[in-house]
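Asker: Take this structure first; my questions come after.
Bear in mind that the values in this text are calculations on the coordinates, not laboratory data. Everything numeric in this text was worked out from a predicted model, so none of it was measured. Cβ: placed from backbone, ideal geometry, glycine included. Neighbour counts: every protein chain shown.
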Amino acid sequence: MYDPDQIQSICIAGEWRRGGGDVYASLYPASGEVVARLNAANLADVEEAIAGAHRAFETSGWAQKKPHERALVLYRVAELIRARGEELAQKQRLDNGKPILETRALVASAAGTFQFFAAACETLEEAITPARGDYLSMSVYEPMGVVAAITPWNSPIASEAQKMAPALAAGNAVVVKPAEVTPLLALELARICEEAGVPRGMISVLPGKGSVIGDAITRHPLVRRVSFTGGTTTGRHIAHIAADKCMPVSLELGGKSPTIVFDDADLDHAVNGVLYGIFSSSGESCIAGSRLFVARALYEDFVARLVAGAEALTVGDPASERTQMGPLITAQHRESVERYVALGREEGGRVRCGGARPQGAHLERGNYYLPTILDGLDNRKRLCREEIFGPVLVALPFDDEADLVAQANDSVYALAAGIWTRDYQRAWRVARAVQAGTVWINTYKQFSASTPFGGWRDSGLGREKGRLGILQYMEQKGVYWGMNETPLAWAAPRTDLAGV
């Protein structure tokens, strides 16, 4: 447990000290209690961290290590995360209020991500390309230098590992800007990386406001790439800065993901999957299945079963292994969710369950909100089009496959989708027709570090994870090695000009 009276240090180019910004508190969303106090970074800290990161990249030897040597360090990171798994899970629970079973899974995911990219690092193949002349031609990869990871508050350690692991595996220095309200796990992960053998200065962690610290990091001329997970508005702002710098970016942004239930679905699986898809993580997930489309013949019965399931979910103390839904991240965010539910009512929606704060003295101090299901709206209403980022599901009927695909794709977002059907041909057909970066068939919110992840349109640019995810943090270089035994013809002396 953190000492709330002690100011936590931050990491500036490998130096652990107080930041130059204001002191602020990390609050436990379940009670409002202070978990830790930190000095935020300021602009001078940003400059020092990036300059130090560039210096470490140039002088530490990390980029010059053989891939298997960097991989050994990353394997040790994974081992240390696992060794401290319960401690890290409890700290993440305090940092953002997720139920303990979820935070344990996120810590395990972080360890697996470092292990995966250690393997990707030491097995990455470069290529001898087909020559079209008297030379040997090759395609090789080089680290970029200083890269930035700007991470969200909903799944801190997993998101940070998803960016830090491939960036370090590629040989880069990393500057991490965690979400202001959840800074603690990024600091812990930096300590673990240093203990495992990542050279001093290769990692900085700069807590603070994204509009100030994140913006300054993104604009800095020594930052060669930014990987951002968060809201679409901020993502667009980063993309504009990147365009001015001719800098590549990875943007994993918002979603309004459709979940589709056909009339031949296994209803037990579908009910549980839909509930998990929207209400796990209290709906604070970019991939939350927040738009539910149900075949009209099945609609009333299925929604009734879904309502009964939602009302049976355990909302409560994140420390309890029985808890399925914890609090929302802040009181302000809960108020935003409440405004959306009020808007749904104004638009003509019917609240089938939830739509309020839970009752009970043990819940009053936390930012709790009941799992909420609305119907009676059409897909053009704001509640069906805007990301709420909370435990709110909108249910809609559909008449046929063409109607379904048209409605599912009628969104500025295209991050994820779920399909429930026993018909394998229809499952494949609809999975290919729905516009989304990830589609789950008869399951939902399953992830693997080996499978690329990202969105289309307003849901983002680029992909993270997957064997080639390491290449997002590397520059490709062509190398030509001349094999000709005589000088290039263009430069050779011309004997036909003698006497002219």
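Asker: Explain nothing, just the number: dipole magnitude of region 152-281 about its Cα centre with +1 on each Lys and Arg Cβ and -1 on each Asp and Glu Cβ, in debye rounded to the nearest 20.
Answerer: On the way: 11 positive and 12 negative charges, 182 e Å.
Dipole about the Cα centre, nearest 20: 880 debye.
Asker: Then there is this: Just how large is the dipole of region 72-150 about the Cα centre, in debye to the nearest 20, putting +1 at every Lys and Arg Cβ and -1 at every Asp and Glu Cβ?
Answerer: That gives a dipole near 440 debye.
Asker: Under the classification rounded if a/c is under 1.5, otherwise prolate if a/b is larger than b/c and oblate if not, where does the chain fall, given a ≥ b ≥ c as square roots of the Cα gyration tensor eigenvalues?
Answerer: Oblate, because a/c is 1.5 or more while a/b does not exceed b/c.
Asker: Can you list the residues, at least 5 places off or on another chain, whose amide H is less than 5 Å from the amide H of residue 36, using H built in the peptide plane?
Answerer: Result for residue 36 returns 26.
Asker: Please give the net charge around residue 70, taking every other residue with its beta carbon less than 13 angstrom from that of residue 70, where Lys and Arg add +1 and Asp and Glu add -1.
Answerer: Within the 13 Å Cβ shell, the charges total +1.
Asker: For region 121-129, what does the Karplus curve 6.51 cos²θ - 1.76 cosθ + 1.60, with θ = phi - 60°, yield as ³J(HN,Hα) per residue in whole Hz, taken in order and with x for Gly and Pro?
Answerer: Karplus-based 3J(HN,Hα) across region 121-129 equals 5, 7, 10, 5, 9, 9, 9, 8, 8 Hz.
Asker: If you place +1 on the Cβ of every Lys and Arg, -1 on the Cβ of every Asp and Glu, and leave all else neutral, what size is the dipole of the chain about its Cα centre, to the nearest 20 Debye?
Answerer: Working: 52 positive and 58 negative charges, 83 e Å.
With only Lys, Arg, Asp and Glu charged at Cβ, the dipole is about 400 debye.
Asker: Would you work out which of 331, 32, 478 lies farthest towards the positive end of the dipole of the chain? Charges go on Cβ: Lys and Arg +1, Asp and Glu -1.
Answerer: Towards the positive end, the residue furthest out is 478.
Asker: Related question: Helix-derived [θ] at 222 nm for the chain: sum -39500 (n - 2.57) over DSSP H runs of at least 4, divide by residue count, nearest 500?
Answerer: Calculated mean residue ellipticity at 222 nm is -11500 deg cm²/dmol.
Asker: At a 10 angstrom cut-off on C-beta neighbours, averaged per residue, how do the peptides 46-57, 253-264 rank from highest to lowest?
Answerer: 253-264, 46-57
Asker: Here is a follow-up. Tell me which GluC sites (Glu not before Pro) from region 222-310 have a DSSP coil assignment and no more than 16 other beta carbons within 10 Å of their own.
Answerer: On the way: sites: 252, 284, 300; in loops: 284.
Answer in residue order: no site qualifies.
Asker: When we measure straight from the Cα of residue 91, which lysines land under 30 angstrom away, once same-chain ones fewer than 8 places off are left out?
Answerer: Hits, sequence-local ones excluded: 163, 177, 209, 256, 445, 465.
Asker: Computed FRET efficiency, Cβ-Cβ of residue 64 and residue 268, R0 51 Å: what is it to the nearest 0.05?
Answerer: Numbers: r = 56 Å, r/R0 = 1.09.
The computed FRET efficiency comes out at 0.35.
Asker: Taking the dipole about the Cα centre of the chain, with the C-beta of Lys and Arg at +1 and of Asp and Glu at -1, give me whichever of 372, 406, 214 is farthest to the positive side.
Answerer: 214
Asker: Rank 43, 344, 204 by how far each Cα sits towards the positive end of the charge dipole of the chain (+1 on Lys, Arg Cβ; -1 on Asp, Glu Cβ) and give me just the farthest.
Answerer: Of the listed residues, the answer is 43.
Asker: Please report the antiparallel percentage of the DSSP beta bridges confined to the chain, to the nearest 5. Don't skip to the answer; put the middle values down first.
Answerer: Values: 29 of 68 bridges.
So the antiparallel bridges in the chain amount to around 45 percent.
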